[in-house]
Amino acid sequence: MPSSTIITDTSISPYAKLYSVPIEEVRIEDNFWSWRLKILREVTLPSQYTLLERTGRIDNFRRSSGKISVPFSGLRFNDSDVYKWIEAVAFSLAYSFDENLYKLSRSVIDEVVAAQDEDGYLNTYFTFELKGMRWRNLRDSHELYCAGHLMQAGIAYYRSTGERSLLDSAIRFADHIYDTFITKGFRCVDGHPEIEMALVELYRTVRDGRYLDLACFFVDNRGLGLIGGSTYHIDHKPFRELSEIVGHAVRALYLNCGAADIYMETGDREIWEALQRLWRSMVYYKMYITGGVGSRYEAEAFGDDYELPNYRAYSETCAAVANIMWNWRMLNASRDACYTDIMELALYNAALSGISLDGKSYFYVNPLADRGYSRRQDWFTCACCPPNIARLIASIPGYIYSKSIEGLWIHLYIQSTISTSLDGNRITLKQVTNYPWDGEVKLSIEPKLEDEFSVYLRIPGWCRSFTVEVNGRRIDTMIKPPSYIEIRRVWGYGDSIRLFMSMPIELVAAHPRVIENTSRVTIMRGPLVYCVEQSDNEGFDVWDLAVHRNTRFRLEWDRSIIGGVMKIIGDGYAVEDEGGALYTPIDRLRYRIRGVEFRAIPYYAWANRNPGPMSVWIRLLGDSIE
C-alpha cells in the first residue's frame with residue numbers, strides 16, 4: 001500500500017526534526033493559491049501534455065520501445081521533462097483527483113515503462129545507435145539526472161495513486177545503477193546532480209539501504225576531478241570542504257538538496273557544516289532580493305560575491321524552484337525559521353514570476369529590469385522550467401504545515417484547513433487569513449479529544465512587530481524574528497489563536513558593493529517584492545522614476561490583473577536628462593525633475609499585460625529636492 005503523498009518522507013529519518021504533512025490532509029481555501037491549483041489542473045498540466053506530445057518527447061519513449069520508427073527528437077535530457085510532468089500530475093491528483101489527468105498520466109507512464117531495457121536501463125537518447133555510449137560521458141550525458149527525475153516521478157505517483165508500475169521501473173533502473181557503480185566499481189559522479197536526493201527518497205520509500213549508500217557514493221566522489229574538476233560542475237573540491245557556492249546554479253542547489261537528505265539519514269556533521277557555509281555564501285552574497293539565484297547568463301551560474309546585475313539577471317526559474325527545495329530540507333533538518341524565510345521569498349517572487357497568471361506561458365530567465373523585450377513563452381527547446389514550476393505549485397499544500405513529536409508547525413500563512421493525527425489524536429486546524437496581502441492570521445483548533453501539544457507559529461524576518469492572542473488573551477514573547485513561537489497547552493475544541501503581524505511598506509537598499517543598485521531602493525511589503533511596470537505608469541518612463549526615503553505610500557486593490565493584486569501607489573519624481581548625451585561633463589549636466597504619482601505591482605505579476613519597461617530597483621533621491 002502507498003504512503004500518503006508527501007514531498008519528503010522524513011518520518012523515520014533519525015536526524016530530521018520535522019515531518020511532512022500529506023497533501024491529502026490539507027485543503028487550501030484562499031483566493032491566492034486555490035485558483036492557481038485550479039488553473040494548474042485545468043490549463044497548465046493539460047497544455048504541457050499537448051506540448052510534450054507535439055515536441056516528440058513522448059514519441060521518444062515510443063521509439064525506444066519499438067512502437068514507432070522516427071529519429072530521436074530534441075535534447076538528450078528531454079526524458080526529464082516528461083518525468084517532472086508526471087510528478088506534477090501526481091501531486092495534483094493527490095490534492096484533487098481529475099479523471100482526465102489520471103488517464104493522460106497513465107498513458108504516458110505506460111509508454112515510459114515499455115521503453116525500459118531488460119537490464120533496467122532507461123534513457124531514450126541512449127538507445128539503438130547510441131546504446132554503446134551509455135555511461136561513457138557522465139559529465140555531459142544527463143543519464144543520472146534523468147534517472148533521478150524518473151525516481152521522483154515514480155515515488156510521487158505511487159504515493160498519490162498506489163500504482164507501482166513507474167516506481168517498479170525506477171527501482172529496476174536504480175538496481176542497474178547500483179550494479180554499474182558499486183558492484184562493478186565504476187567510480188564516477190553525475191555531471192548534473194539530481195539523482196542524489198532521488199535515491200535518498202527512494203530509500204525512504206522502499207527501505208533498501210543500497211539506495212542510500214549509492215547517494216552517499218555520489219556525494220563522496222564529487223570534487224575528486226572524476227568529471228574534470230570544474231567549478232561549473234561543482235567538482236573542484238570535495239563536498240565537505242566547500243565554503244563558497246559556485247557553478248551552475250541548479251546543479252549546485254540540487255546537489256545541496258541531496259546532501260541535506262543524506263545528513264537527515266546519517267547525521268554526518270561535516271556535510272551539515274558545509275551546507276550551512278554554502279547557505280550563508282548564497283544568502284549573504286549571491287542571492288537576488290527576489291530569492292532568485294544564478295546571476296550569470298554564462299553557464300547559468302552563480303557569479304562573484306555581490307555580482308547581481310538587474311537587466312542581465314539570469315535568475316532561472318528552475319534555480320528558484322531548487323532554492324525552495326533546498327531550504328525546505330534545511331528547515332526539516334533544523335527547525336530554523338531563517339530557511340523558511342528564504343523558501344517563502346523565492347516562492348512568492350522568483351519562482352512565481354516564472355509562470356504567467358493564466359497558467360499558459362513561462363519565463364526561463366527572470367530579469368529584475370527590462371525594456372519590454374522579455375515575454376513568457378509557451379515552451380522552450382530546453383523545457384526544464386515549465387514542468388518544474390508545475391510540480392512546485394502542485395506540491396504547495398505539502399509545504400504549509402509540518403509535524404514534530406511536540407506538535408504542529410505552521411510555515412506558510414495560507415487560508416486552509418488541515419486534519420491530521422498527532423500522537424493518535426485527530427486534530428483539525430483551520431487557518432483564516434488574507435496573506436500575503438494582510439498580516440492577520442486566525443487559527444481555530446479542533447482536537448477530537450482534549451490534548452496537550454504545541455502549535456508553532458512562524459514570525460518572518462520581515463516582520464518588525466507582532467502580537468499573539470490565545471482565546472482572546474494576549475501572550476508575551478521575547479523572540480526575535482525570524483523564529484517560531486511555541487504555544488504549548490492543553491487544547492480543547494474551539495480554542496483559537498490570533499496572530500497579527502504589522503505589514504508596512506518598506507524601502508529596502510542593497511549592500512554598497514552591489515554596484516548596479518548604488519543609490520537605489522526596492523519596495524517590499526511582507527514577503528512580496530514590488531516592481532514598477534510601464535502599464536501602470538503613464539507620462540514618464542519607469543526607468544526614470546526616483547523616490548526619496550520619506551515617500552508617502554498607499555494601497556489599492558486592483559482586480560484588472562488576473563487573480564487581483566494589491567498595488568502600491570506612491571509620490572515620486574521623473575528624473576529626465578535634458579541633454580540626452582551618453583556622457584556629459586559634470587558641470588554641464590542638467591536634469592529635469594518633476595513630481596509624478598507612480599504605481600507598483602508585485603514582481604511575480606509583471607509581463608502579463610502590454611510590453612513595456614519594468615524595474616525592481618528605483619533611484620533614491622535625498623530627503624529634499626532642490
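Anything in segment 396-409 that is crowded, with 23+ Cβ neighbours inside 10 Å and farther than 13 Å from ILE6 by Cα? List them, or say none.
TRP409
Is it the case that some residue within segment 52-73 is of a type in the set (A, V, I, L, M) and touching a residue at least 60 places away in the same chain (Cβ under 8 Å)?
No; the residues of segment 52-73 include none that is of a type in the set (A, V, I, L, M) and touching a residue at least 60 places away in the same chain (Cβ under 8 Å).
Being open to solvent by 30 Å² or more (accessible area, probe 1.4 Å), within 17 Å of GLU118 (Cα to Cα) and not in a loop (DSSP other than H, G, I, E, B) is the filter here; which residues of segment 134-170 pass it?
SER165, ASP168 - these are the residues of segment 134-170 that are open to solvent by 30 Å² or more (accessible area, probe 1.4 Å), within 17 Å of GLU118 (Cα to Cα) and not in a loop (DSSP other than H, G, I, E, B).
Can you find even one residue in segment 551-559 that is open to solvent by 70 Å² or more (accessible area, probe 1.4 Å), assigned to a loop (DSSP other than H, G, I, E, B) and touching a residue at least 40 places away in the same chain (Cβ under 8 Å)?
Scanning segment 551-559 turns up no residue that is open to solvent by 70 Å² or more (accessible area, probe 1.4 Å), assigned to a loop (DSSP other than H, G, I, E, B) and touching a residue at least 40 places away in the same chain (Cβ under 8 Å).
Could you say which residue among LEU51, LEU18 is closer than 26 Å to CYS385 by Cα and open to solvent by less than 60 Å² (accessible area, probe 1.4 Å)?
So the residue among LEU51, LEU18 that is closer than 26 Å to CYS385 by Cα and open to solvent by less than 60 Å² (accessible area, probe 1.4 Å) is LEU51.
Suppose we filter GLY223, GLY228, GLY267 for residues that are more than 30 Å from TYR311 (Cα to Cα), free of Cβ contacts under 8 Å to residues at least 24 places away in the same chain and surrounded by fewer than 24 Cβ atoms within 10 Å (Cβ to Cβ); which single one remains?
GLY223
Being under 25 Å from PRO309 (Cβ atoms), open to solvent by 40 Å² or more (accessible area, probe 1.4 Å) and of a type in the set (Asp, Glu) is true for just one of ASP541, ASP587. Which residue is that?
ASP541
When segment 347-391 is examined, which residues are found to be more than 14 Å from the chain's Cα centre (by Cα) and among the polar types (S, T, N, Q)?
SER356, SER361, SER374, GLN377, THR381
Of all residues in segment 294-340, which are touching a Pro at 6+ places or on another chain (Cβ under 9 Å) and among the aliphatic types (A, V, I, L, M)?
Hits for segment 294-340 are ALA313, ALA337.
Spot the failing condition for ILE405; the list is (1) assigned to a loop (DSSP other than H, G, I, E, B); (2) touching a helix residue (DSSP H, G or I) at 6+ places or on another chain (Cβ under 6 Å); (3) closer than 19 Å to TYR19 by Cβ; (4) not acidic (Asp, Glu), and only one is missed.
Going through (1) assigned to a loop (DSSP other than H, G, I, E, B); (2) touching a helix residue (DSSP H, G or I) at 6+ places or on another chain (Cβ under 6 Å); (3) closer than 19 Å to TYR19 by Cβ; (4) not acidic (Asp, Glu) one by one, ILE405 breaks only (2).
Has segment 175-186 got any residue that is farther than 23 Å from ILE262 by Cα and hydroxyl-bearing (Ser, Thr, Tyr)?
No, the conditions are met nowhere in segment 175-186.
If ALA90 satisfies every condition in (1) free of Cβ contacts under 8 Å to residues at least 60 places away in the same chain; (2) among the small types (Gly, Ala, Ser); (3) surrounded by 17 or more Cβ atoms within 10 Å (Cβ to Cβ) but one, which is the exception?
For ALA90, the exception is condition (1).
Which one of VAL596, VAL575 is of a type outside the set (Asp, Glu), assigned to a strand (DSSP E or B), in contact with a Lys or Arg (Cβ under 9 Å, 6 or more places away or on another chain) and touching a residue at least 12 places away in the same chain (Cβ under 8 Å)?
Result of the check over VAL596, VAL575: VAL575.
Six or more apart or on different chains, Cβ atoms under 6 Å: show the pairs whose first residue is in segment 294-309 and under 23 Å from ALA509 (Cβ atoms) and whose second is open to solvent by 40 Å² or more (accessible area, probe 1.4 Å) and in a strand (DSSP E or B).
Qualifying pairs under 6 Å: GLY303/ARG296.
How many residues are in a loop (DSSP other than H, G, I, E, B) and open to solvent by less than 60 Å² (accessible area, probe 1.4 Å) if we restrict to segment 610-626?
5
List pairs: first in segment 404-422 and closer than 21 Å to ARG489 by Cα, second part of a loop (DSSP other than H, G, I, E, B) and among the aliphatic types (A, V, I, L, M), Cβ under 8 Å, 6+ apart or cross-chain?
What qualifies is SER404/LEU18; TRP409/LEU18; ILE410/ILE400; HIS411/ILE400; ILE418/VAL21; ILE418/ILE400; THR420/VAL21.
Residues ILE393, ILE427: which one is touching a helix residue (DSSP H, G or I) at 6+ places or on another chain (Cβ under 9 Å) and either open to solvent by less than 10 Å² (accessible area, probe 1.4 Å) or touching a residue at least 12 places away in the same chain (Cβ under 8 Å) (or both)?
The unique qualifying residue is ILE393.
Looking only at residues that are of a type in the set (Lys, Arg) and in contact with a Ser or Thr (Cβ under 9 Å, 6 or more places away or on another chain) in segment 281-335, which one is surrounded by the most Cβ atoms within 10 Å (Cβ to Cβ)?
Result: ARG329.
Go through segment 365-379 residue by residue and tally those that are under 24 Å from ASN517 (Cβ atoms) and either touching a strand residue (DSSP E or B) at 6+ places or on another chain (Cβ under 6 Å) or surrounded by 19 or more Cβ atoms within 10 Å (Cβ to Cβ) (or both).
Total meeting the criteria: 5.
So how many residues does segment 75-125 have that are in a loop (DSSP other than H, G, I, E, B) and over 28 Å from the mean Cα position of the chain (by Cα)? Please lay out each step first, then the result.
First, the residues of segment 75-125 that are in a loop (DSSP other than H, G, I, E, B): 75-78, 96-98, 115-123.
From what is left, the residues that are over 28 Å from the mean Cα position of the chain (by Cα) are 115-121.
Result for segment 75-125: 7.
Among the numbered conditions (1) under 30 Å from ASN78 (Cα atoms); (2) assigned to a strand (DSSP E or B), tell me where ILE389 comes up short.
Condition not satisfied by ILE389: (2).
The values are calculated or read from the model by the stated rules, or taken from the named source; none is laboratory data. Keep in mind that this is a model prediction, so the values were computed, not measured. All Cβ positions, glycine included, derive from the backbone under ideal geometry; neighbour counts span all protein chains shown. Keep in mind that these areas ignore ligands, DNA and RNA; they rest on the heavy atoms of the full protein, side chains included. Shrake-Rupley method; radii C 1.70, N 1.55, O 1.52, S 1.80 Å.
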